[in-house]
Each structure stands twice: as structure tokens, then as C-alpha cells.
Amino acid sequence: MPQDPTERRVVVTGPPRRARRTSGYYRPRTEIDEQTTLGHTYVRSLMRIQLRAGLTVFAVLALLVGPLPLVFAAAPDARRLEWAVLGFGLYPPLVLLARWYVRRAERNERDFVRLVEDR
Amino acid sequence: MNYTYAVTAVALVVLATVLVGAFGLRISRTTSDFYVASRTVGPRLNAAAISGEYLSAASFLGIAGLVLVQGPDMLWYPVGYTAGYLVLLLFVAAPLRRSGAYTLPDFAEARLASQTVRRLAGTLVVGVGWLYLLPQLQGAGLTLTVLTGAPDWLGGVIVAVVVTVIVAAGGMRSITFVQAFQYWLKLTALLVPALFLILAWQSDGAPSHAFDEPAAFREQRTVRVDDTLDLRLAEPLTVTVDGSVDGRDLDGTEVSLPAGTHRVGGGTRLTFAEGAEVPAAGRGADDALSPSRAESREERPLYATYGLILATFLGTMGLPHVVVRFYTSPHGVAARRTTVAVLGLIGAFYLLPPVYGALGRLYAPELTLTGDADAAVLLLPGRMIGGVGGDLLGALVAGGAFAAFLSTASGLTMAVAGVLTQDVLPSRGVRHFRLGTVLAMAVPLAASVLVGGLPVADAVGLAFAVSASSFCPLLVLGIWWRRLTPPGAAAGMLVGGGSAFLAVAATMTGYPGAGPWHALLAWPALWSVPLGFLTMVLVSLSTPGRVPPGTAAVLARFHLPEELRTEELRTEELRTEERRTEERRTEERRTEEKRTEVSP
């Protein structure tokens with residue numbers, strides 16, 4: 001039976017991972033696990049970046065919603081506009097903002113994991 | 001109108017809930033690791049369950065009623081209920097799930113390691129829960145009155161009894177499926193009739209003056225005024241009166257009333273001509289009930305609107321039955337995705353109440369006078385379509401409304417009873433849990449009989465204000481701020497939540513009658529939320545020595561993605577989980593023993 005060439009065993013060479021780790025290579029993960037000052041700095045940086053993501057979206061929400069009561073009060077004849085915006089128009093932006101935030105927060109977490117696991 | 005269909009629908013919904021509750025009891029007994037199992041609930045099912053529990057009587061009946069009476073400004077309620085989940089997602093969802101807290105008092109204890117703060121949070125959970133239960137019971141009473149003419153209190157008592165029995169039996173605990181099912185039931189119960197109503201509206205020539213102010217009668221209509229009320233007329237009005245107006249007894253005479261306030265006696269029939277504007281109604285001065293918050297809203301519309309926005313945007317995260325559900329997500333990432341799905345689901349639902357509100361302004365404008373505006377959703381199918389079709393659609397709506405009362409009320413009762421059992425009553429046994437359940441339901445039931453006059457959605461708005469000024473600071477600062485101390489958290493919750501609570505209580509008892517003070521007290525969020533945050537920050541900063549020693553580790557647990565968790569933290573969580581499962585097992589065993597004792 002002829003052997004499929006793709007099934008042949010290939011030896012991959014390179015420095016073994018364990019050796020790399022024990023060679024005093026810099027590992028943020030341990031710092032976090034052992035709750036050193038440096039580890040706390042890492043957690044803090046994650047918190048800051050996540051808080052910034054949350055606050056950004058919150059600011060957009062505030063800018064979107066905040067002026068609306070003023071607009072409606074300034075134009076009392078635009079009743080139909082008020083019905084349309086409050087009855088239907090605001091829901092799609094809310095869902096879109098939520099999706100935007102989730103994407104951003106998950107990306108922040110992935111980046112952080114990559115950073116501390118040194119991948 | 002034929003009541004048989006509606007009563008049958010309500011009975012079916014109640015029966016189904018009891019049955020599923022009973023089955024759930026059986027299932028949750030044989031499933032040994034209940035908490036572990038519930039953690040595998042995927043985002044979609046979990047989101048439907050959260051939405052099913054969240055959409056209450058206020059959403060189902062109240063919004064349409066408020067829109068009918070007060071116009072499109074009231075659409076801020078559903079917008080706020082939805083946007084509250086966005087704010088919850090931004091600042092709370094994932095860290096709350098990662099904290100492993102099952103209730104708000106759990107969270108307070110985990111973050112601040114303080115029994116005092118835990119108890120305080122527990123007290124506030126009970127307060128908010130009761131405030132929120134009140135309108136559920138009132139809504140049930142109203143629904144049954146409208147459907148069958150039964151006395152006001154009967155519907156509330158039915159819901160109270162059913163919910164108490166289900167929760168006390170432990171049946172509602174693990175049933176994500178029931179809550180999810182009730183979301184779809186509620187959506188169907190509003191959507192299907194809404195489609196038919198829109199068709200009826202179209203075949204009626206699609207009149208659109210509902211969107212203009214104020215509402216007007218489309219045809220000659222006679223309105224019976226049950227209780228004495230004050231009519232406030234901006235313009236002179238010609239109306240046929242059979243009864244008494246301003247102390248004059250009239251017998252089917254057409255009178256022309258000048259602009260101003262007129263007292264209409266109870267039992268009077270008013271016949272309005274076609275095209276007449278619907279007058280604004282105030283409560284009679286001899287009425288002991290609170291003046292409607294609508295009055296202060298008319299005086300200061302902008303202040304009231306911003307107060308409403310702040311309360312609903314920030315209050316959602318602190319509602320006791322909302323927090324519990326987040327624990328059922330498998331991890332922080334799933335908690336976030338679940339919240340996005342919830343936003344979509346409740347957003348879709350909230351497209352419907354405005355339709356009923358607008359159609360109500362067209363076809364049932366006299367509801368503003370009779371004080372039954374919350375019943376608009378129930379009455380419209382019969383009014384616009386009529387016949388057997390209208391009755392059947394009305395029955396569908398009534399069933400959906402009862403599903404709303406039952407699901408939200410059982411979630412709330414569960415949360416309140418849990419806190420009462422854990423932190424108030426002397427021991428944690430099953431018997432005490434049952435006592436806690438009865439207590440959790442008895443207080444709002446008594447209150448709903450006493451304070452019957454509050455519009456349903458208004459009462460919910462008050463619960464949101466208290467939650468926004470106490471739990472929102474606790475959660476947001478607890479998750480994002482390292483220097484929060486137990487004294488700071490306690491002071492902030494007491495000052496913010498306490499002041500909002502007092503303002504609410506003052507509004508409910510009718511003090512002070514009118515003027516700027518009334519507006520300030522009726523819409524407290526705008527000052528009480530900053531007050532809560534400020535107190536929490538300032539007191540924390542002045543007690544820097546009281547920062548709990550484990551804060552850094554706790555915050556790391558809140559924010560680190562699950563894959564980075566250290567073994568230590570993971571085992572700690574597992575231990576908590578095992579402890580809970582164990583507690584539950586013991587409880588189940590006791591229930592079993594009790595059952596065998598009771599049964600012959």
C-alpha cells in the first residue's frame with residue numbers, strides 16, 4: 001500500500017518551551033497569580049481600558065439621549081417626531097451601541113490575555 | 001363583551017404556571033447539582049428568561065395607559081427600561097457574573113467583607129422589591145375588575161396566593177424555561193392583537209390625530225364617572241350632564257361649562273359630542289390618596305423627564321430579580337452577550353405598547369376620565385374589533401397580562417423572601433423560608449389595598465428611583481473603584497437610597513400637596529443619585545484605613561477573563577458552589593421530611 005506523503009512524520013525543531021520559561025523569561029501571568037505589585041499594575045491596566053470602553057459608549061448614549069427632552073420641549077409642535085423617535089427610533093441605536101461595546105470589551109480581554117500569556 | 005373567554009384564558013395561564021411550577025419542583029429535586037446545571041444556560045435561552053421576568057405589569061398595561069393619558073412623553077419609560085440594560089452591560093454585567101454573587105447582599109459582602117453593609121443592602125432589596133410588587137398586584141386587581149367586574153382586591157389576592165404557593169414550594173427556582181416561555185407568551189399576547197388592531201385602524205381610514213395634542217372624541221360618547229373628580233378645562237366645553245356638576249343636579253341637560261376647574265359628582269354620566277377635546281382630570285380634593293405625579297409633571301415637564309430618564313437608566317442594574325439571573329450565565333463573556341440579546345428582546349417588545357397607547361387615544365379616550373387608563377390594552381380589542389374575534393383577542397391579552405404579573409411577581413417574591421430568610425429571620429430552615437415568602441407577599445398586598453390609587457407604571461418608576469440612588473453607586477463604585485470602604489458604601493446607600501425612599505413615601509402619602517417641593521419629591525432621582533454617589537465617595541475617602549485588605553484580589557477576580565483565573569480563586573468559587581448545592585440539598589431533604597410528616 002503506497003503511503004500518503006502527507007501522513008509522514010515530521011520532526012519540528014526549536015527551543016523547548018519549558019527551557020524558555022525557566023530561563024528567567026519575563027512572565028506577567030505569574031506576577032498576576034502571585035499578586036505582586038507588578039501583577040496589580042496589570043489588572044489595573046485592564047480595568048482602566050475596560051472602564052474607558054464603558055465610559056466611551058456611555059458618553060455616546062448620553063449625547064444621543066440627553067438633548068432629546070430639550071429638543072421636544074423646544075418644538076412642541078413636532079409631536080409626530082416625538083412619537084417616532086421614542087416609540088421606535090431609539091431601540092436600534094441602543095442595540096448597536098451594546099454590540100459595539102461587547103466587541104470592544106472582548107477585544108480588550110483577548111489582547112490582555114495575549115499580553116500576559118506572552119503568546 | 002363576553003367575559004367567558006377572558007376568564008378562561010386567565011385561568012389557563014394561572015393553571016399552567018402552577019403545573020409547571022409543580023413539575024419544576026420535581027425536576028429540581030432530581031437534579032442534584034442545580035447550580036452547576038443552571039450555569040450551562042446559553043445566552044439565547046437565558047436572555048428570553050431574563051426578559052420574561054423583567055417585563056412586568058408596568059410594561060404590559062402601564063405604559064399604554066400612561067401614553068393614553070399623558071401623551072408621548074411617557075414613552076420615556078420603555079426607552080429607559082431598555083437603556084437600563086445597556087448601562088448595566090457597560091459597567092456591571094461581566095464583573096458581576098465573575099464576582100460569583102447570587103444576590104446584591106452577596107455582592108456587598110464579597111466586595112467589602114462587611115456584615116453591616118450586607119444587611120443594609122438586604123434591607124434595601126426588600127424595600128425595592130416591595131415597591132415593585134405593589135403595582136403587580138394592583139395591575140392584577142385592575143385586570144380582573146375590567147374583565148369580570150370583580151372587586152378591586154380580588155385579582156391581587158389571586159396573584160399573591162398563586163405566587164406564594166409556587167415560591168414557597170420552591171418550584172420557581174430553577175425554571176429558566178418557564179420564564180423564557182412567558183416572554184414569548186407576553187410578546188404573542190401583545191403582538192397578535194396589535195396586528196389585528198392595526199388592520200382595523202387601517203380599514204377605518206387610518207386616522208392619525210392621536211399623535212396630536214390633545215386627544216379628542218371621535219364620536220359622541222357617554223362616560224360614567226364613578227368617583228368624584230375635578231375636570232380642568234382649558235377651553236369652554238359643551239357637554240350633556242346626567243348627575244351633578246359643581247354641586248348642581250342636572251338631568252340630561254346640555255350645559256356649557258366655562259374654562260376652569262369643575263367638580264363632577266360620583267355616578268354622573270357625561271355625554272361628549274363628536275370632536276370634543278378630552279378634558280384633563282384631577283382627583284377630588286376630598287380624596288385621601290396621593291395627588292397624581294402627573295400634576296407635578298405638568299408643572300415641571302423637563303425636570304420630571306430627566307428625573308425619569310436618570311432613574312430608569314441607572315435603576316435597572318439594582319433590581320433584585322435582575323441581578324439573580326446573571327449568575328446563570330456560564331461566564332463573564334456569556335453574561336455580556338446575554339445582555340445584548342436581552343436588549344434586543346425587550347426592545348422588540350416595547351415597540352408594541354406605544355401602538356396600544358396611540359390607538360387608545362383614538363378609540364378609548366374617555367379612559368382618562370374614569371381612571372382605568374391602565375385597562376386600555378385590555379379593552380381595545382373588544383372596542384375596535386368586537387364580536388367573537390374581539391373577545392378572543394381580548395382573552396389573549398388578558399392571559400398575557402396575567403403571565404406578566406405572575407412571572408415578575410414570583411421573581412421578586414423569590415428575591416425578597418431569600419433576603420428575609422437569610423438576613424432577617426432567625427434561622428435558615430425551610431419553614432422560615434416559607435414564612436419569609438408569606439411575609440414578602442403580605443406587605444405589598446396590604447399596601448396595594450391601602451394605596452390603591454397610584455398608576456401602575458408610576459409606582460414602578462419610584463422603585464427604580466430608589467434602586468438607582470442606592471444600588472447603582474454600590475455596584476459601579478464597588479466594581480471600578482479600589483478605595484471604596486464599608487463605611488462609605490453604607491453611608492452612600494443610606495443617604496442616597498434612604499432619601500429617595502423617604503421622598504417616595506412622602507409622595508405616596510400625599511405630602512406636600514403641590515408646588516416645587518412636590519415635583520422634587522415625586523421625581524427624586526435627579527438629586528438623590530448624585531447624593532448617593534457623592535456620599536459614598538466622600539465617606540470612603542475620609543476612612544482610607546477601612547479599605548478591605550483583600551480588595552486587590554477581589555477586583556482581579558471581577559475583571560480578569562476566566563481563562564486567567566488562578567487556581568486559588570477557581571477553587572474558592574467551586575467551594576462556594578458546593579456549599580450552595582449542599583445547602584439546597586439539605587433544604588430539599590427537609591422539605592421531603594416535612595412532606596412525609598404532613599401527608600397521611
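The values are calculated or read from the model by the stated rules, or taken from the named source; none is laboratory data. None of the values given here were measured: they were computed from a predicted structure. Cβ sites come from the backbone with ideal geometry, for glycine too, and all protein chains shown count toward neighbours. Quick note on the areas: whole protein, heavy atoms, side chains included, nothing else; ligands and nucleic acids left out. Shrake-Rupley method; radii C 1.70, N 1.55, O 1.52, S 1.80 Å.
At-a-glance table
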{"item": "B:Ala93 being within 14 Å of another protein chain (Cβ to nearest Cβ) and among the small types (Gly, Ala, Ser)", "result": "yes"}
{"item": "Restricting the stretch A:36-52 to residues that are modelled with pLDDT of 85 or more and at the interface with chain B (Cβ under 8 Å from one of its Cβ atoms), the residue that is farthest from A:Arg104 (Cα to Cα)", "result": "A:Val43"}
{"item": "Inter-residue pairs, beta-carbon under 8 Å, first within 11 Å of B:Leu190 (Cα to Cα) and within 13 Å of another protein chain (Cβ to nearest Cβ) and in the stretch B:347-374, second surrounded by 24 or more Cβ atoms within 10 Å (Cβ to Cβ) and charged (D, E, K, R), 6+ apart", "result": "B:Phe349/B:Lys186"}
{"item": "Residue in the stretch B:38-45 that is outside any helix (DSSP H, G or I), loosely packed, with under 14 Cβ neighbours inside 10 Å, in contact with a Pro (Cβ under 7 Å, 6 or more places away or on another chain) and modelled with pLDDT under 65 present", "result": "yes"}
{"item": "Criterion violated by B:Thr82 - all others in (1) farther than 24 Å from B:Thr338 by Cβ; (2) open to solvent by less than 10 Å² (accessible area, probe 1.4 Å); (3) polar (S, T, N, Q) satisfied", "result": "(1)"}
{"item": "Of all residues in the stretch B:317-337 being at pLDDT below 90 and within 14 Å of chain A (Cβ to nearest Cβ), the one that is most open to solvent (accessible area, probe 1.4 Å)", "result": "B:His331"}
{"item": "Residue that is least open to solvent (accessible area, probe 1.4 Å) [pool: residues in the stretch A:78-119 that are in a helix (DSSP H, G or I), basic (Lys, Arg) and more than 9 Å from chain B (Cβ to nearest Cβ)]", "result": "A:Arg104"}
{"item": "Index of the failed condition, A:Asp33 passing every other in (1) within 9 Å of chain B (Cβ to nearest Cβ); (2) modelled with pLDDT of 90 or more", "result": "(2)"}
{"item": "Search result, residues across the stretch B:338-357 that are open to solvent by 10 Å² or more (accessible area, probe 1.4 Å) and in a helix (DSSP H, G or I)", "result": "B:Val340, B:Ala341, B:Gly344, B:Leu345, B:Ala348, B:Leu352, B:Val355"}
{"item": "From the options A:Leu70, A:Leu55, A:Leu61, residue that is outside any loop (DSSP other than H, G, I, E, B) and facing chain B (nearest Cβ under 7 Å)", "result": "A:Leu61"}
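Quick grid of which residues meet (1) surrounded by fewer than 23 Cβ atoms within 10 Å (Cβ to Cβ); (2) of a type in the set (A, V, I, L, M, F, W, C):
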residue: B:Leu378; (1), (2): no, yes
residue: B:Arg383; (1), (2): yes, no
residue: B:Ala404; (1), (2): no, yes
residue: B:Gly411; (1), (2): no, no
residue: B:Gly418; (1), (2): no, no
